[in-house]
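Structure first, commentary second.
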Amino acid sequence: MTTQTTAKTSVVKVETQVKKARLSRALILPALIFSIVLTQIPFLVTIYFSTLEWNLLKPTEIKFTWFDNYVAVFEKGDLLPATFATIGITSLAVVFSVVLGLFLAVLLDRKFRGQAVARTLLITPFLLMPAAASLIWKHSMFDSNVGILSWLTEALGGTPIQWTTDLPFLVVVIMLTWQYTPFMMLILLAGLQSQTPEVLEAAAVDGASAWKTFRWITLPHLRQYVEIAVLLGTIMLLQVFDPIAIITKGTGGTKTLSYLLYERAFVGLNVGEAAAYGVVTVLLTIVVATVALRSLFKVFIEGGQR
Amino acid sequence: MRKLKNSLITSLTWLIVIIFFFPVFWMFINAFKSEQDASAIPPTLIFEPNFSGFQRLMDRGMADYLLNSLTSSVLSTLIVLLLAIPAAYALSIRPIKKIQDVLFFFISTRFLPAAASLLPLYMIFKSLGVLDNINALSLVYAAMNLPIAVWMMRSFFNEVPMEIVEAAQIDGANFRTELIRIVLPIVLPGIAAVALICFIFSWNEYFLATLLTTSDAKTAPPFLASFVDGRGLFLGVLSAASMVAALPVLIAGWIAQKQLVRGLAMGAVK
């Protein structure tokens with residue numbers, strides 16, 4: 001008798017669970033399908049395109065060529081420099097903006113007059129439309145005739161620098177650091193403010209210096225926040241496009257993978273080769289992202305254990 | 001001594017804040033200068049306010065481009081919310097098996113450089129005749145923002161106490177009442193943050209807009225970039241255009257700083 005009822009309830013249970021799982025799946029499915037249709041399927045089509053000989057000037061002569069496009073892509077030899085440019089720009093901008101962001105977060109964590117105003121002004125670079133920011137930096141700051149920086153160097157007695165033509169790499173890194181420092185600062189400031197005041201007070205009572213407290217209590221506490229900041233910064237910066245397209249047009253070692261792909265895909269007429277560039281770029285981006293994030297976090301973990 | 005040190009640090013803080021804000025400040029100032037004043041060397045801080053820059057923006061039809069920006073941002077944000085809220089609800093409150101796979105799938109699509117799937121989309125849009133179409137652009141923006149929205153939204157849903165949900169279920173609340181009456185009110189601030197972030201990303205987007213639009217559906221960022229083609233002085237009008245284009249997001253971000261950080265840090269920052 002009793003076994004029968006338990007069997008019955010468990011059947012009901014299983015049934016409701018199946019029903020629940022079905023509901024969950026039905027709720028996720030629209031988002032999943034939307035994503036697949038607009039991102040995954042086009043990527044598969046890109047892979048298919050990459051095996052075709054297809055020139056837009058000869059739209060009737062499309063034929064299958066296996067891996068000829070990939071051979072052509074590798075023979076051009078612009079992938080390696082683009083990979084290095086991507087790694088260089090991303091890692092420098094991430095490191096500079098995290099370090100500067102930490103410094104600023106510590107400064108803003110104190111109580112002082114106008115603290116809220118200072119924070120609001122400071123986050124503005126991150127909110128400013130990147131295209132607008134790139135244009136303002138290019139024409140209003142770095143311009144060799146009317147730029148503020150040129151005027152400043154001359155006023156201080158130096159020779160004016162042709163920033164965008166002579167130092168394009170530095171210009172992009174400066175502009176991106178400027179843009180991302182506020183973002184890093186906000187995340188790290190949230191980390192600083194989540195510290196329990198009792199611990200800091202206890203350290204002060206025990207006679208720990210400000211530096212020692214920072215080094216041994218605050219920094220370890222901040223580690224997870226730094227990790228989030230680095231992760232998000234890397235995701236966003238790996239695909240950065242606006243300042244490169246607007247300020248440097250890929251000159252002087254700033255031709256990143258995303259800009260190279262843009263140049264190949266939408267300036268040239270060879271669809272097959274452009275698609276091959278697309279596929280290789282995706283693979284390289286994934287490799288760079290994985291390697292970069294892994295090695296960065298390794299540094300953190302080792303640093304944290306010392 | 002301590003007081004001196006304190007005010008020194010405060011001064012240093014303000015100095016850095018001013019340096020960081022300066023390009024934006026200069027953009028604001030130049031927007032209200034005549035072209036001669038805007039390009040003057042040495043730079044002038046004292047000038048007669050001049051609104052000809054704004055006049056010229058309107059003459060070049062900036063209002064249309066702003067309207068396009070608004071349409072694509074609002075439309076894509078609505079699509080994202082419509083898709084991401086149910087998905088996040090299911091992933092967080094009624095988790096299924098293989099949930100990790102689903103989540104990983106979503107985040108991995110964000111790592112995919114947009115350009116890689118863009119070529120076929122471009123071809124399809126071209127053959128469908130929607131290459132310069134604001135609705136098509138909105139769809140692409142929705143796809144761009146959806147993965148991050150699902151992730152952010154899930155972290156907000158995760159904070160809903162399970163006891164409340166279970167109590168509602170025991171009381172016999174069906175799924176719809178449970179979602180609308182119980183869960184949504186709790187996560188509303190989170191949803192607002194996600195909506196704001198999606199709006200900002202779409203409003204500021206430049207790459208896809210340059211490629212998928214030419215004139216009818218052109219948004220503000222490519223319009224800005226096309227501003228620098230003429231000869232002669234353009235700093236004043238460029239600054240005015242940049243200011244107008246950037247202002248909506250600046251104001252929204254200034255007001256909602258806290259939600260913005262929490263959303264962007266995917267709930268990891270409290």
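The values are calculated or read from the model by the stated rules, or taken from the named source; none is laboratory data. A quick note: this is a predicted structure, and the numbers were derived from the prediction, not measured. Neighbour counts run over all protein chains shown; Cβ positions are idealised from the backbone, glycine included. The accessibility values were calculated without ligands, DNA or RNA, using every heavy atom of the protein model including side chains. Shrake-Rupley method; radii C 1.70, N 1.55, O 1.52, S 1.80 Å.
For the reader, a short list of remarks on this structure follows.
- Helices (runs of 4 or more DSSP H) enclosed by segment A:195-252 - at least 3 residues per element that are touching a residue at least 40 places away in the same chain (Cβ under 8 Å), within 30 Å of B:VAL228 (Cα to Cα) and within 12 Å of chain B (Cβ to nearest Cβ): A:219-238
- Against the test of being surrounded by 10 or more Cβ atoms within 10 Å (Cβ to Cβ), within 13 Å of another protein chain (Cβ to nearest Cβ) and at pLDDT 85 or above, the options A:LEU38, A:LEU56 yield a single qualifying residue, A:LEU38.
- Per the listing A:LEU92, A:LEU156, the residue uniquely open to solvent by 10 Å² or more (accessible area, probe 1.4 Å), in contact (Cβ under 8 Å) with a residue 24 or more places away in the chain and more than 10 Å from every other protein chain (Cβ to nearest Cβ) is A:LEU92.
- Every pair of residues 6+ apart whose Cβ atoms lie under 6 Å, when the first sits in segment B:86-100 and is farther than 18 Å from A:LYS19 by Cβ while the second is open to solvent by 10 Å² or more (accessible area, probe 1.4 Å): B:ALA88/B:ARG154; B:SER92/B:ARG154; B:SER92/B:ASN158
- Contact map, segment B:30-49: residues that are touching a residue at least 12 places away in the same chain (Cβ under 8 Å) paired with residues that are open to solvent by 80 Å² or more (accessible area, probe 1.4 Å) and of a type in the set (D, E, K, R), Cβ distance under 8 Å, separation 6+ or inter-chain. Pairs shown: B:SER34/B:GLU48; B:ASP37/B:GLU48.
- All positions within segment B:150-167 that are within 13 Å of chain A (Cβ to nearest Cβ), over 30 Å from the mean Cα position of the chain (by Cα) and either among the hydroxyl-bearing types (Ser, Thr, Tyr) or exposed (fewer than 13 other Cβ atoms within 10 Å of the Cβ) (or both): B:GLU166
- Number of residues in segment A:26-45 that are in contact with a helix residue (DSSP H, G or I) (Cβ under 6 Å, 6 or more places away or on another chain) and either assigned by TED's automatic domain parsing to the domain that holds A:ALA275 or not hydrophobic (A, V, I, L, M, F, W, C) (or both) equals 4.
- Residues that are within 7 Å of another protein chain (Cβ to nearest Cβ) and within 17 Å of B:SER69 (Cα to Cα) within segment B:233-252 comprise B:SER242, B:ALA245, B:ALA246, B:VAL249, B:LEU250, listed in sequence order.
- Going through (1) open to solvent by less than 20 Å² (accessible area, probe 1.4 Å); (2) more than 10 Å from chain A (Cβ to nearest Cβ) one by one, B:ILE170 falls short only on (1).
Here's the yes/no breakdown for (1) in contact with a Ser or Thr (Cβ under 9 Å, 6 or more places away or on another chain); (2) not charged (D, E, K, R):
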{"position": "A:LYS20", "(1), (2)": "no, no"}
{"position": "A:LEU23", "(1), (2)": "no, yes"}
{"position": "A:PRO30", "(1), (2)": "no, yes"}
{"position": "A:VAL37", "(1), (2)": "no, yes"}
{"position": "A:GLN40", "(1), (2)": "yes, yes"}
{"position": "A:PHE43", "(1), (2)": "yes, yes"}
{"position": "A:PHE49", "(1), (2)": "no, yes"}
{"position": "A:LEU52", "(1), (2)": "yes, yes"}
{"position": "A:LEU57", "(1), (2)": "no, yes"}
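- In the set B:LEU57, B:LEU118, B:LEU66, only one residue is out of contact with any Pro (no Cβ under 9 Å at 6 or more places or on another chain) and not charged (D, E, K, R); that residue is B:LEU57.
- Filtering segment A:59-72 to residues that are surrounded by 10 or more Cβ atoms within 10 Å (Cβ to Cβ) and among the β-branched types (Val, Ile, Thr) leaves A:ILE62, A:THR65, A:VAL71.
- Checklist (1) within 11 Å of chain A (Cβ to nearest Cβ); (2) farther than 21 Å from A:PHE49 by Cβ; (3) in a helix (DSSP H, G or I) applied to B:THR109, failing item: (2)
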